[in-house]
Amino acid sequence: MEDGHTMSGNSRAGALITLLVCLSVSFAQAQVRPAEGQAHQWWQDAVFYEIYPRSFADSNGDGIGDLNGIDSKLDYLKDLGVDAIWISPCYPSPQVDFGYDVSDYEDIDPMYGTLKDFQRLANDAKQHDIRIIMDFVLNHTSPQHKWFLDSASSRTSAHRDWYIWRDGKAPGVPPNNWISGFGGSAWQFDPRTGQYYYHYFAVGQPDLNWRNPAVEKAMFDVTRFWYERGVSGFRLDAVDLLFEDPNLHDNPVLPGKNDLGDPNMENKYNDKLPEVHTELKKLRKVAEEHDAVLIGETYTSNREELKEYYGDHNDEIQMPMDFMFCTVNKVSASDFRSQIANAESTGGWPVYVISNHDMPRSYDRYGDKQHNDQIAKLMAGMYLTLRGTPIMYYGEELGMENNDPVRKEDVKDPIGVAGWPEEKGRDGERTPMQWNTSANAGFSAAKPWLPVPASYKTHNVASELEDPNSVLQFYRHLLALRRHEPALLNGDYVALNQDDPNVLSYVRRYKNEAVVVALNMSATVQQISFNLSGEGFSASQATTLLTTSSPQPGGRLDHIALEPFAVYMARVSR
Ligand code: GLC
């Protein structure tokens with residue numbers, strides 16, 4: 001599931017770049033809405049932003065972020081251009097997996113605040129025109145959840161069948177060979193009732209039995225609880241894994257071992273079973289009653305799997321995340337071109353992410369240690385201008401980097417604890433948001449739960465707001481452009497210059513206008529030229545909207561020079 005790579009710190013390239021923004025022209029068109037084709041749903045035009053609540057802003061000085069902290073940063077988010085925040089789990093939890101082990105779905109963990117604080121945040125977010133998406137951890141609970149406590153109490157308890165209990169094959173031998181994503185067998189023996197329970201993730205995350213209609217009803221009611229409190233949708237955690245083969249067939253074993261030392265395995269009988277789709281259709285119906293959106297943590301490995309998640313009649317997940325896009329771990333025009341084509345070919349509305357709380361930050365994955373800031377802008381120039389909805393990860397807009405633990409005793413993430421040193425876990429990408437140059441990057445008055453990297457001195461909100469060439473300013477300009485340029489919201493996607501190994505180019509066409517995007521994915525200057533007559537645009541003149549290269553003389557589309565890793569965007573009219 002997780003990309004377990006870890007990265008060391010990066011050196012910084014301090015090169016100055018030119019940022020040219022022609023927003024005044026764009027603002028004039030702000031009112032143009034789609035009059036042809038299908039009108040967009042709110043989530044198609046929105047920019048989503050993932051907040052890891054432990055690490056965003058600490059309002060009460062305990063070193064851990066909280067809901068009031070998020071509330072205090074709504075102006076920042078609004079100003080940045082964010083329309084919806086997805087808050088990673090903030091429910092009561094023993095924190096075995098930092099909130100992904102929920103012990104009560106209908107409350108807030110005291111470390112993050114109270115339901116009253118949540119209500120205040122929801123109201124304030126509404127005032128800011130920012131929607132809230134909750135994380136729905138529907139595959140498993142904590143063993144401290146009252147359902148599991150009852151389930152484990154006896155073989156005949158009311159909730160026994162809410163989880164997956166089975167006899168071992170023989171004394172000391174688990175029911176089958178399934179492996180946990182967190183290491184070791186996926187079965188835990190409980191001497192109290194003499195049976196094993198199934199946990200795809202940690203021992204502290206028993207899987208719910210979605211074949212039990214009582215589980216389904218209780219979980220659907222959880223979504224209603226939050227919809228009634230103003231939530232606009234859910235990010236569905238680990239949704240691939242909702243069902244298991246009831247006959248518990250062994251999974252095929254593959255050659256080699258994974259980073260946690262377990263045999264590689266094809267999760268044929270416990271991953272993406274067809275029943276998942278039946279369930280999603282039902283969950284979608286409940287969402288529809290509340291004009292809500294479902295976002296999927298969908299780890300697909302081909303277009304057919306991704307396509308299936310939209311539903312045959314667009315009746316499953318509106319926004320399945322395309323993690324195949326994240327398998328491109330280098331700045332490569334041809335690799336991204338083919339992944340974009342893959343997403344486009346599903347016929348669905350693409351959802352692009354370049355990092356999250358489970359994978360090393362994009363700054364490290366794509367940075368070359370010399371042009372890291374340029375590359376951060378380049379990546380933004382891509383995923384914020386493609387046809388689809390982007391989901392940002394907090395701090396990405398600053399060029400935040402991973403800060404991986406260097407000693408085992410500092411590791412907090414259970415994956416890092418199990419896999420050290422090959423697998424250092426996910427702490428590195430979950431460090432505190434970098435607000436300013438003061439102690440702890442302005443995140444907290446106390447020692448934060450994870451340490452900030454030294455780069456917070458340069459890569460923080462306050463400093464970057466002062467610097468017209470910062471990564472943050474680039475994001476702000478680009479997000480404003482996206483909001484006001486009709487072709488960027490509504491236009492189709494047409495790949496250009498597809499044989500170019502260095503520059504990824506495409507045009508977003510909408511009515512009589514189009515935006516051309518050219519992204520130099522190489523460390524050398526590239527000369528490029530566009531002829532858009534085949535795409536219905538004969539003009540060779542273009543209005544530059546934004547570039548990190550030197551200004552293009554005369555805006556000639558047939559003669560553009562792009563500096564290393566530069567972004568160029570221009571508008572053309574018919
Ligand atoms: C998802 C979450 C991850 C968590 C796992 C178990 O993959 O994104 O952080 O560890 O589910 O809930």
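The values are calculated or read from the model by the stated rules, or taken from the named source; none is laboratory data. Being a predicted model, the structure only gives us computed values, none of them experimental. As a convention, Cβ positions derive from the backbone with ideal geometry for all residues, glycine included, and neighbour counts pool all protein chains shown. Only protein heavy atoms, including side chains, enter the accessible area calculation; ligands, DNA and RNA are left aside. Shrake-Rupley method; radii C 1.70, N 1.55, O 1.52, S 1.80 Å.
Summary table below
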{"read-out": "Which numbered condition Lys424 misses (of (1) within 24 Å of Gly184 (Cα to Cα); (2) in a helix (DSSP H, G or I); (3) not small (Gly, Ala, Ser))", "value": "(2)"}
{"read-out": "Subset of the range 278-300 (residues that are of a type outside the set (Val, Ile, Thr) and either modelled with pLDDT under 95 or part of a loop (DSSP other than H, G, I, E, B) (or both))", "value": "Glu289, His290, Asp291, Ala292, Glu297, Tyr299"}
{"read-out": "Test: residue in the range 430-437 that is assigned to a helix (DSSP H, G or I) and within 16 Å of the ligand (Cβ to nearest atom)", "value": "yes"}
{"read-out": "Count of residues meeting criterion [of a type in the set (A, V, I, L, M) and within 16 Å of the ligand (Cβ to nearest atom)] in the range 189-219", "value": "4"}
{"read-out": "Close pairs from the range 68-83: first closer than 17 Å to Asp117 by Cβ and in contact (Cβ under 8 Å) with a residue 24 or more places away in the chain, partner open to solvent by 10 Å² or more (accessible area, probe 1.4 Å) and acidic (Asp, Glu), Cβ under 7 Å, at least 6 apart", "value": "Asn68/Asp117; Asp71/Asp124; Leu74/Asp124"}
{"read-out": "Condition met for Val137 (open to solvent by less than 50 Å² (accessible area, probe 1.4 Å), of a type in the set (A, V, I, L, M) and under 19 Å from the mean Cα position of the chain (by Cα))", "value": "yes"}
{"read-out": "Hits in the range 301-321 - residues which are without any contact (Cβ under 8 Å) to a residue 60 or more places away in the chain and either part of a loop (DSSP other than H, G, I, E, B) or under 27 Å from Ile528 (Cα atoms) (or both)", "value": "Ser301, Asn302, Gly311, Asp312, His313, Asn314, Asp315, Glu316"}
{"read-out": "Residues of the range 533-574 classified as buried (at least 19 other Cβ atoms within 10 Å of the Cβ) and within 15 Å of Tyr510 (Cβ to Cβ), total", "value": "6"}
{"read-out": "Answer from Val96, Val102 - the residue that is open to solvent by 10 Å² or more (accessible area, probe 1.4 Å), within 13 Å of the ligand (Cβ to nearest atom) and assigned to a loop (DSSP other than H, G, I, E, B)", "value": "Val96"}
{"read-out": "Tally of residues being within 14 Å of Leu74 (Cα to Cα) and either free of Cβ contacts under 8 Å to residues at least 12 places away in the same chain or not in a strand (DSSP E or B) (or both) across the range 45-57", "value": "3"}
{"read-out": "In the range 158-171, the residues that are open to solvent by 60 Å² or more (accessible area, probe 1.4 Å) and either in a strand (DSSP E or B) or in contact (Cβ under 8 Å) with a residue 12 or more places away in the chain (or both)", "value": "Asp161, Arg166, Asp167"}
{"read-out": "Single residue of Val471, Val417, Val411 found to be farther than 20 Å from Gly69 by Cα, without any contact (Cβ under 8 Å) to a residue 12 or more places away in the chain and not charged (D, E, K, R)", "value": "Val417"}
{"read-out": "Selection within the range 335-357 - surrounded by 19 or more Cβ atoms within 10 Å (Cβ to Cβ) and in a loop (DSSP other than H, G, I, E, B)", "value": "Thr346, Gly348, Pro350, Val353, Ile354, Ser355, Asn356, His357"}
{"read-out": "Single condition Asp373 does not satisfy, out of (1) crowded, with 21+ Cβ neighbours inside 10 Å; (2) within 30 Å of Phe182 (Cβ to Cβ)", "value": "(2)"}
{"read-out": "Meets criteria (touching a residue at least 60 places away in the same chain (Cβ under 8 Å), open to solvent by 20 Å² or more (accessible area, probe 1.4 Å), away from the ligand (no atom under 16 Å from the Cβ) and among the basic types (Lys, Arg)) for Arg120", "value": "no"}
{"read-out": "Which numbered condition Val417 fails, given (1) within 15 Å of the ligand (Cβ to nearest atom); (2) part of a loop (DSSP other than H, G, I, E, B); (3) not polar (S, T, N, Q)", "value": "(2)"}
{"read-out": "Unique residue being over 25 Å from the mean Cα position of the chain (by Cα), on the phi < 0 side of the Ramachandran plot and among the charged types (D, E, K, R) when the list is Asp124, Asp104, Asp150", "value": "Asp150"}
{"read-out": "Any hit, the range 69-90, residues being open to solvent by less than 20 Å² (accessible area, probe 1.4 Å), polar (S, T, N, Q) and closer than 25 Å to Asp221 by Cα", "value": "yes"}
{"read-out": "Complete set of residues in the range 105-117 that are open to solvent by 10 Å² or more (accessible area, probe 1.4 Å) and either among the basic types (Lys, Arg) or more than 22 Å from Thr431 (Cα to Cα) (or both)", "value": "Glu106, Asp107, Thr114, Leu115, Lys116, Asp117"}
